[in-house]
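Here is the structure we will look at, set down as structure tokens.
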Amino acid sequence: MSSVTLTDIVKRFEAFTAVHKTSLDIPDGAFVTLLGPSGCGKTTTLRMVAGLLDPTEGEILIKGRKVNDVPIHKRNLGLVFQNYALFPHKTIAENVAFGLKYRGVAKEDARKRVQEALDLVQLPGVGDRYPKQLSGGQQQRIALARAIVIEPDVLLLDEPLSALDANLREDMRVELKRIQERIGVTTIFVTHDQSEALAMSDQIVVMSNGRVEQVGPPEQVYNTPASEFVANFLGASNILPARHVGSDGDAVLLDADTFGRVAVPAAKAPNLASEGPAKLVIRAEKLQLAPSGTPVNGELAIDATVETVDYQGQAVRYFVRAGHTQLQAINMIDERPFSEGAQVSLRLRPRDCAALPAS
Amino acid sequence: MSVERREARQPWILLSPALVAVTLLLFVPLLFIVVYSFWLRTATGADQAGFFLDNWNEALTDGFYRDILLNTLKIAAITTIVCALMGYPAAYFIARSRGNKAILLLLLMLPFWISYIIRTMSWINILGVSGAVNSILISLGIINEPIQMLYNETTVILGLVHFLLPFMILNVFVSLDGIDETLEDAAHSLGATRWQSFLEVTLPLSLPGLAAGGLLCFVLGAGTYITPLVLGGPTDAMFANLVFEAIITQLNWPLGSALSLMLLAVLGALVAIYNRYLGMAQLMKGLG
């Protein structure tokens, strides 16, 4: 059963269309991420589900009930904001108990549930403190406790990790996913951070300019991008013009710039229909640099020159030139990285490539 | 000189012009007034220097002064409450309006471009015997004779509200503007209605601004003498009018000094109580 269903949702602000006709089906208990750059419509979509915005067109169903005209305080949703939005004049316990008060939960029962929620977010002893006495990460845990203590039908998270430091953000991401799995609540998570989306989601909804570009599990969205936008937004990709010239078993054959003929697995070219112009997508980490003259082992190999070396510690990002084409490659560092100006051999396994129709 | 010492001196250098002005123009004259209040006005009209408690005795024991002081505090209190009730919704509206906040604040400041006295006197043209309201009512045939609406306690309060409302709105606005709007969304999403969210979250968080605006309205209202002079009747004198009367009309500076210090002490006590519980920082925010 689906928990949240959006049917042909449109949101216009006067002349500007923030969300074009969008339909989405979010299964019960799923962790679904709306991913995209700022202004792509992800937060607008979340706010419509929350009831903070009215859709211009279309229907929103939560647990099979149409909620377009249901005010936010009757939707039974847990909302977590980027800036925590804890009530500064109330103690942590009062903050967490806030939603229970409006659900007529008896005092004794409420106290028990508040304590359980605080235990769940691993902050059992802070009930008497005030929000400003806690760190950012702790405040966000409390905001989460406040949202889940009411046992919401859907948990809505609006960039909840963006205000945290990088290290803390990664810890919180694991923590958040653990809590979500434990209570099994259907969750819609909004972020512009691809690594958060890839790490946490059951399904990723990639959005751009108010439209859904692709919906799928993380590996699928990452490995088989449905559009050039998705290929560029998640990870780093090289996108080369190519021609679809036929097929060979379960591979499609592409004649690409620079690399010549490449046999891409058909599963990684699902949108490629007829023969004709196409695009070859090569993930930057799938392009391996090898010293010139290293024996080739069933891979494609072309000669290239290293132009820029961007050292990142465990990995290094190279910009290399092969003919007229500049390519990006991200390699783990084995011994020493190549230096600028080095002549190298670029290696690529065709099965790591994906193909897109020419736009 | 070390950097630390130079930095430690800097605030005092920056403050010194203001400190000189405040000392010469406020504290020194105030000291004169304190000294004056112990002098005595003789039957000939000349002031006799010395240490006499006669003025203080009169100011503190005469029931006339006490009644007017109490009435002054009452008028200031009513004015403050009316300003709070009228100002809060206006401040809320400005704080929550999107693009045109700056224009609304400018409109709020607009009355300050006109002298307070002229603004007070404008009510004569509106409510006077030949004022706008009476003229309209007569021309509509609702009344035959003009109604006497001016020169009573109500018009004094009206004039004070007119004068003080922007101070209230500004203070409440500053307070509301600093409250994160997502707090109300959060309360709302947790099951509170819009009104409940306001009562539970926004109102308590804006109380410091309301208190600052209230203090300002009360102190300025209680210290006024122009409004009762222009819009009040013969029995509507406020305490500052007594000071004015003693010093300007009767030329009795010693008694006027004692009376003015009495008002200063009462209002000063109020500010001290406010400072004790809420701190002056909020008031400064509202003024700046």
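The values are calculated or read from the model by the stated rules, or taken from the named source; none is laboratory data. Just so it is clear, the structure is predicted and the values come from calculations on it, not from any experiment. Backbone-built Cβ (ideal geometry, glycine too); neighbour counts: all protein chains shown.
Kindly provide the set of residues from the stretch B:83-125 that are under 23 Å from the mean Cα position of the chain (by Cα), exposed (fewer than 14 other Cβ atoms within 10 Å of the Cβ) and farther than 18 Å from B:G213 by Cα, ordered by number.
B:L106, B:L107, B:L110, B:W113, B:I114, B:S115, B:I117, B:I118
Report the residue count in the stretch B:112-156 for those that are touching a Leu at 6+ places or on another chain (Cβ under 9 Å) and touching a residue at least 24 places away in the same chain (Cβ under 8 Å).
10
Please give the number of the condition B:L270 fails out of (1) more than 26 Å from B:I117 (Cα to Cα); (2) more than 14 Å from chain A (Cβ to nearest Cβ); (3) not in a helix (DSSP H, G or I).
(3)
For B:I247, which of the numbered conditions (1) in a helix (DSSP H, G or I); (2) over 28 Å from B:I33 (Cβ atoms); (3) of a type in the set (V, I, T) fails to hold?
(2)
I'd like the full set of residues that are part of a helix (DSSP H, G or I) and surrounded by fewer than 13 Cβ atoms within 10 Å (Cβ to Cβ), limited to the stretch A:92-115.
Scanning the stretch A:92-115 gives A:K107, A:E108, A:D109, A:K112.
Give the residues of the stretch A:77-91 that are surrounded by fewer than 23 Cβ atoms within 10 Å (Cβ to Cβ) and more than 8 Å from chain B (Cβ to nearest Cβ), sorted by residue number.
A:Q82, A:K90, A:T91
Does the stretch B:10-29 contain at least one residue that is within 30 Å of B:L203 (Cβ to Cβ) and modelled with pLDDT of 95 or more? Explain how you work it out, then say what you get.
The first filter runs over the stretch B:10-29 and keeps only residues within 30 Å of B:L203 (Cβ to Cβ), leaving none.
Checking the stretch B:10-29: not a single residue is within 30 Å of B:L203 (Cβ to Cβ) and modelled with pLDDT of 95 or more.
Check every one of the strands (runs of 3 or more DSSP E) wholly within the stretch A:2-82 and list those with 2 or more residues that are closer than 22 Å to A:V230 by Cβ and aliphatic (A, V, I, L, M). Give the steps one after another, and end with the answer.
On the way: elements: A:2-13, A:16-27, A:31-35, A:57-62, A:77-80.
Qualifying strands (runs of 3 or more DSSP E): A:2-13, A:16-27, A:31-35.
Here is a yes/no grid of residues against (1) among the hydrophobic types (A, V, I, L, M, F, W, C); (2) out of contact with any Lys or Arg (no Cβ under 8 Å at 6 or more places or on another chain):
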{"site": "A:Q140", "(1), (2)": "no, yes"}
{"site": "A:L144", "(1), (2)": "yes, yes"}
{"site": "A:I150", "(1), (2)": "yes, no"}
{"site": "A:D202", "(1), (2)": "no, yes"}
{"site": "A:V206", "(1), (2)": "yes, yes"}
{"site": "A:G216", "(1), (2)": "no, yes"}
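Looking at the structure I just gave you, is A:V320 more than 18 Å from A:G260 (Cα to Cα), assigned by TED's automatic domain parsing to the domain that holds A:L289 and assigned to a strand (DSSP E or B)? Let's see the steps before the verdict.
On the way: more than 18 Å from A:G260 (Cα to Cα): no; assigned by TED's automatic domain parsing to the domain that holds A:L289: yes; assigned to a strand (DSSP E or B): yes.
It is false that A:V320 is more than 18 Å from A:G260 (Cα to Cα), assigned by TED's automatic domain parsing to the domain that holds A:L289 and assigned to a strand (DSSP E or B).
I need the full set of residues from the stretch A:96-109 which are more than 9 Å from every other protein chain (Cβ to nearest Cβ) and of a type outside the set (D, E), in order please.
First, the residues of the stretch A:96-109 that are more than 9 Å from every other protein chain (Cβ to nearest Cβ): A:96-97, A:104-109.
Residues satisfying the conditions are A:V96, A:A97, A:G104, A:V105, A:A106, A:K107.
Here are the criteria: (1) over 30 Å from the mean Cα position of the chain (by Cα); (2) closer than 27 Å to A:H89 by Cα. Tell me which single one B:S175 does not satisfy.
(1)
Out of the residues in the stretch A:116-142 that are charged (D, E, K, R) and part of a loop (DSSP other than H, G, I, E, B), state the one that is surrounded by the most Cβ atoms within 10 Å (Cβ to Cβ).
First pass over the stretch A:116-142, keeping only residues charged (D, E, K, R): A:116, A:119, A:128-129, A:132, A:141.
From what is left, the residues that are part of a loop (DSSP other than H, G, I, E, B) are A:128-129.
Details: A:D128: 10, A:R129: 15.
Across the stretch A:116-142, the extreme among qualifying residues is A:R129.
Could you pull out the residue among A:G41, A:G64 that is within 23 Å of A:A199 (Cβ to Cβ) and assigned by TED's automatic domain parsing to the domain that holds A:Q214?
Working: A:G64 fails: within 23 Å of A:A199 (Cβ to Cβ).
Result of the check over A:G41, A:G64: A:G41.
For A:V296, indicate whether it is touching a Cys at 6+ places or on another chain (Cβ under 8 Å) and outside any helix (DSSP H, G or I).
Numbers: touching a Cys at 6+ places or on another chain (Cβ under 8 Å): no; outside any helix (DSSP H, G or I): yes.
For A:V296, the condition - touching a Cys at 6+ places or on another chain (Cβ under 8 Å) and outside any helix (DSSP H, G or I) - is not met.
Could you please find all residues in the stretch B:32-49 being under 14 Å from B:W253 (Cβ atoms) and either among the charged types (D, E, K, R) or loosely packed, with under 15 Cβ neighbours inside 10 Å (or both)?
Quick first cut of the stretch B:32-49, residues under 14 Å from B:W253 (Cβ atoms) only: B:32-42, B:45-49.
Those that are under 14 Å from B:W253 (Cβ atoms) and either among the charged types (D, E, K, R) or loosely packed, with under 15 Cβ neighbours inside 10 Å (or both): B:F32, B:V34, B:V35, B:R41, B:T42, B:G45, B:A46, B:D47, B:Q48, B:A49.
When you look at A:R146, is it of a type in the set (K, R) and in contact (Cβ under 8 Å) with a residue 60 or more places away in the chain, yes or no? Give the steps one after another, and end with the answer.
Working: of a type in the set (K, R): yes; in contact (Cβ under 8 Å) with a residue 60 or more places away in the chain: yes.
So A:R146 fits the description; yes.
Show me the helices (runs of 4 or more DSSP H) found entirely inside the stretch B:143-222 where at least 3 residues are away from every other protein chain (no Cβ under 14 Å) and surrounded by 20 or more Cβ atoms within 10 Å (Cβ to Cβ).
On the way: elements: B:153-177, B:182-189, B:194-197, B:203-222.
Of the helices (runs of 4 or more DSSP H) lying wholly inside the stretch B:143-222, those with at least 3 residues that are away from every other protein chain (no Cβ under 14 Å) and surrounded by 20 or more Cβ atoms within 10 Å (Cβ to Cβ) span B:153-177, B:203-222.
Taking helices (runs of 4 or more DSSP H) that fall entirely within the stretch B:13-113, which contain at least 3 residues that are within 18 Å of B:I247 (Cα to Cα)?
Working: elements: B:28-36, B:54-61, B:63-96, B:101-109.
Output list reads B:28-36, B:54-61, B:63-96.
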